[in-house]
Amino acid sequence: MRVLVVEDDKKVANFILNGLKEEFYAVDVAYDGDEGQRLAIELPYDLVILDLMLPKVSGQEILKSLRSRKPNLPVLVLTAKSSIEDRVAGLDLGADDYLVKPFAFAELSARIRVLLRRGVRETSQLSIADLTLDTATRTVKRAGTPIDVSAKEFSMLEFLLRNARRPVTRTMLIEHVWDIHFDTGSNIVDVHINHLRNKIDRGFSVPLIHTVRGVGYMLSDEAR
């Protein structure tokens with residue numbers, strides 16, 4: 001999952017960045033409203049964490065813009081404005097949730113998980129054939145046997161499972177698993193796919209990870 005943090009306080013931004021990376025999210029950070037608005041509109045994020053008091057472009061303006069252009073993108077407002085009136089105003093502008101500073105990272109993390117589950121799946125488990133992935137426990141199993149995967153492999157497999165039986169391009173994987181600092185000339189996507197194949201398919205009669213020539217990859221239990 002890819003998250004955008006729009007926060008001008010670098011200490012707070014780095015606190016969120018480090019915490020989310022430890023939980024295997026791909027994270028981009030914008031330190032002013034102008035950059036935050038541009039990134040949020042141009043790139044395919046799964047969630048935006050948005051401060052309201054920002055230089056150049058206010059969080060309120062970003063929220064209005066996102067609601068008109070990306071109405072289904074979850075936005076969690078994170079701000080020092082704590083009055084009931086401020087909270088109501090933020091929610092009325094289209095925020096999906098509202099968290100007041102100072103905050104505990106555990107609560108922020110829990111609220112993010114709730115927002116990402118909305119409208120996607122009520123369960124934390126994703127599966128195809130005998131392969132299961134649990135987003136809550138961060139575990140992967142095939143035929144009941146636990147499989148040890150890295151953070152990036154887990155994120156790639158989660159994205160493939162959410163798009164099971166549909167072709168996924170390398171660009172789509174890059175956009176949802178890596179941040180904006182990714183080297184687009186790298187073959188790291190193919191390297192990670194090969195690692196996943198060795199862990200997911202080796203020793204099983206039915207391969208699940210398939211190459212779609214000229215496109216990318218697909219997770220499927222159907223013969224190709």
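Classify the stretch 150-216 as rounded, prolate or oblate, taking a ≥ b ≥ c as the square roots of the eigenvalues of its Cα gyration tensor: rounded when a/c is under 1.5, otherwise prolate if a/b is larger than b/c and oblate if not. Prolate shape, in that a/c is at least 1.5 and a/b is the bigger ratio.
Given Cα positions, please report Rg to Rh for the chain, the hydrodynamic radius being the Kirkwood one. Show your work: numbers first, answer last.
Numbers: Rg = 18.8 Å, Rh = 18.7 Å.
Here Rg/Rh amounts to 1.01.
Summarising the overall dimensions of the stretch 75-201 from its C-alpha atoms, the Rg and Dmax are 18.1, 55 angstrom.
Counting only helical runs of four or more DSSP H residues, what would the 222 nm mean residue ellipticity of the chain come to if each run contributes -39,500 (n - 2.57) and the total is spread over all its residues?
On the way: 8 runs with 90 residues, N = 224.
So the helix-based figure for the chain works out to -12000 deg cm²/dmol.
Once C-alpha pairs closer than 8 Å and six or more residues apart are averaged by separation and normalised to the residue number of the stretch 125-219, the relative contact order reads 27 percent. Expressed as a whole percent, how much of the Cα-Cα distance distribution for the stretch 15-115 exceeds 23 Å? Considering the stretch 15-115, 18 percent of its Cα-Cα pairs are separated by more than 23 Å.
Could you size up the charge dipole of the chain around its Cα centre, putting +1 on the beta carbon of Lys and Arg and -1 on that of Asp and Glu, and report it in debye to the nearest 20? Walk me through the numbers before you get to the answer.
On the way: 31 positive and 32 negative charges, 142 e Å.
Dipole of the chain, to the nearest 20 debye: 680 debye.
Which angle between 0 and 90 degrees, to the nearest 10, do you get for helix 188-200 versus the longest principal axis of the chain when only C-alpha atoms count? That helix lies at roughly 60 degrees to the long axis. The local environment of PRO71, defined by Cβ-Cβ distances under 12 Å, has a net charge of +3 under the rule Lys, Arg +1 and Asp, Glu -1. Other residues with beta-carbon under 11 Å from the beta-carbon of LYS56 carry, at +1 per Lys or Arg and -1 per Asp or Glu, a net charge of -4.
Rounded if a/c is under 1.5, else prolate if a/b is larger than b/c, else oblate: which is the stretch 53-99, with a ≥ b ≥ c the root eigenvalues of its Cα gyration tensor?
Cα axes put the stretch 53-99 in the oblate bin.
Taking every C-alpha pair closer than 8 Å and separated by at least 6 residues, the mean separation divided by the residue count of the stretch 2-117 gives a relative contact order of 23 percent. Computed over the Cα atoms of the stretch 1-72, pair by distinct pair, the Kirkwood hydrodynamic radius stands at 12.0 angstrom.
Computed from the coordinates by the stated procedures, all read-outs in this text should not be read as laboratory data. Just so we're clear, the structure is a prediction, and the values are computed from it rather than from any experiment. Note that we place each Cβ from the backbone using ideal geometry, even for glycine, and neighbour counts take in every protein chain shown.
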